[in-house]
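Before any comments, here is the structure.
The values are calculated or read from the model by the stated rules, or taken from the named source; none is laboratory data. Just so we're clear, the structure is a prediction, and the values are computed from it rather than from any experiment. Neighbour counts are summed over all protein chains in view; Cβ atoms, including those assigned to glycine, are modelled from backbone coordinates with ideal geometry.
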Amino acid sequence: MGSLEQARETQLKNILAKTGKSLDQVRALIKASKLTKHSELRELLSARLDLGFGDANSLVHFALASDGQSAAQAAGSAVGDILDAIYTGQKAALRPIHEKVIVAASKLGPFEIAPKKGYVSLRREKQFAMVGPGTKGRLEIGLNMKGPKPGPRLTAQPPGGMCQFKVFLTSAEEVDKELVAWLRTAYESAG
């Protein structure tokens, strides 16, 4: 077991110890609530289980397996099925790059993956990135962040769009320290 997996298991064990509940009991509580929005579920767990924001947020992700790492590892999940549909034909070659971006993002902390028709949205309190096939055989990463200066790799987008910046990748090697730093800036500004 890797150190990241071990840290996640320790975090879950500590949160569950605070609540006195099992993960299955938390899932039952969530299901019985009939709530669907992450923020509503976080508030529910915070109030009912006397948890702080961070622990309640993490527990929702653990219960729903909606954080980046769980989603990236979930074989046959809804996200996996959507990715199968997105990355077909000529776009299939972009899937390994997509997966490397998701694994890199999962190291930043908990977030949820919200699948869309042609891409996936990475969200905390709000969307911090979009990942999906772009034009010209490139993977497109949209980033919501302020501060970085545009350059040859980081392209500023017109105001009012879904993202302030875009980065285009053609190989997994381009998932490097620079890209991870931009992902971190976007992640930290989203909640």
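Can you tell me which residues in region 137-156 are loosely packed, with under 15 Cβ neighbours inside 10 Å, part of a loop (DSSP other than H, G, I, E, B) and modelled with pLDDT of 90 or more? Within region 137-156, Gly137, Lys149, Pro150, Gly151, Pro152 qualify. Pairs are defined by a Cβ separation below 6 Å, a sequence spacing of at least 6 or placement on different chains, a first member in region 6-33 that is under 16 Å from Ser46 (Cβ atoms), and a second member that is among the small types (Gly, Ala, Ser); the pairs so defined are Val26/Ala63; Ile30/Ala63. Selection of region 104-131 for residues being out of contact with any strand residue (DSSP E or B) (no Cβ under 6 Å at 6 or more places or on another chain), of a type outside the set (D, E, K, R) and closer than 23 Å to Gly89 by Cα yields only Pro115.
Is it the case, given these coordinates, that Glu173 is of a type outside the set (Gly, Ala, Ser), in the same structural domain as Leu94 (by TED's automatic domain parsing) and over 29 Å from Lys37 (Cα atoms)? Show your work before the answer.
Details: of a type outside the set (Gly, Ala, Ser): yes; in the same structural domain as Leu94 (by TED's automatic domain parsing): yes; over 29 Å from Lys37 (Cα atoms): yes.
When the stated conditions are applied, Glu173 passes them.
Only one entry of Leu154, Leu179 meets the criterion of being in the same structural domain as Ser106 (by TED's automatic domain parsing), among the aliphatic types (A, V, I, L, M), under 19 Å from Lys100 (Cα atoms) and over 20 Å from the mean Cα position of the chain (by Cα), and that entry is Leu154. Within the option set Lys31, Lys21, being over 21 Å from the mean Cα position of the chain (by Cα), assigned to a helix (DSSP H, G or I) and either crowded, with 19+ Cβ neighbours inside 10 Å or modelled with pLDDT of 85 or more (or both) holds for one residue only, Lys31. Restricting region 34-64 to residues that are crowded, with 16+ Cβ neighbours inside 10 Å and of a type in the set (Gly, Ala, Ser) leaves a set whose member that is nearest to the chain's Cα centre (by Cα) is Ser58. Would you confirm whether or not region 74-83 contains a residue that is assigned to a loop (DSSP other than H, G, I, E, B), at pLDDT below 90 and under 28 Å from Gly54 (Cβ atoms)? So far as region 74-83 goes, yes, one or more of its residues are assigned to a loop (DSSP other than H, G, I, E, B), at pLDDT below 90 and under 28 Å from Gly54 (Cβ atoms). Is it the case that Gly191 is surrounded by fewer than 19 Cβ atoms within 10 Å (Cβ to Cβ), closer than 23 Å to Leu64 by Cα, at pLDDT below 95 and in contact with a Lys or Arg (Cβ under 6 Å, 6 or more places away or on another chain)? For Gly191, the condition - surrounded by fewer than 19 Cβ atoms within 10 Å (Cβ to Cβ), closer than 23 Å to Leu64 by Cα, at pLDDT below 95 and in contact with a Lys or Arg (Cβ under 6 Å, 6 or more places away or on another chain) - is met.
For Ser171, the criteria (1) of a type in the set (S, T, N, Q); (2) under 13 Å from His98 (Cα atoms); (3) within 19 Å of the chain's Cα centre (by Cα) hold in every case but one, which is (3). Considering only residues that are touching a residue at least 40 places away in the same chain (Cβ under 8 Å) and of a type in the set (Asp, Glu), which ones fall in region 86-133? Glu112, Glu125, listed by residue number. Can you find a residue that is touching a residue at least 40 places away in the same chain (Cβ under 8 Å), farther than 21 Å from Gly134 by Cα and either surrounded by fewer than 18 Cβ atoms within 10 Å (Cβ to Cβ) or among the basic types (Lys, Arg) (or both) anywhere in region 164-184? Checking region 164-184: at least one residue is touching a residue at least 40 places away in the same chain (Cβ under 8 Å), farther than 21 Å from Gly134 by Cα and either surrounded by fewer than 18 Cβ atoms within 10 Å (Cβ to Cβ) or among the basic types (Lys, Arg) (or both). Taking the criterion of being surrounded by fewer than 19 Cβ atoms within 10 Å (Cβ to Cβ) and more than 21 Å from Gly191 (Cα to Cα), the residues of region 84-115 that qualify are Asp84, Ala85, Thr88, Gly89, Gln90, Lys91, Ala92, Ala93, Arg95, Pro96, Glu99.
Filter region 147-190 down to residues that are among the charged types (D, E, K, R) and under 18 Å from Ser121 (Cα atoms), then give me how many there are. Let's see the steps before the verdict.
First pass over region 147-190, keeping only residues among the charged types (D, E, K, R): 149, 153, 166, 173-174, 176-178, 184, 188.
Going one step further and asking which of them are under 18 Å from Ser121 (Cα atoms), we end up with 166, 184, 188.
Summing the residues that are among the charged types (D, E, K, R) and under 18 Å from Ser121 (Cα atoms) in region 147-190 gives 3.
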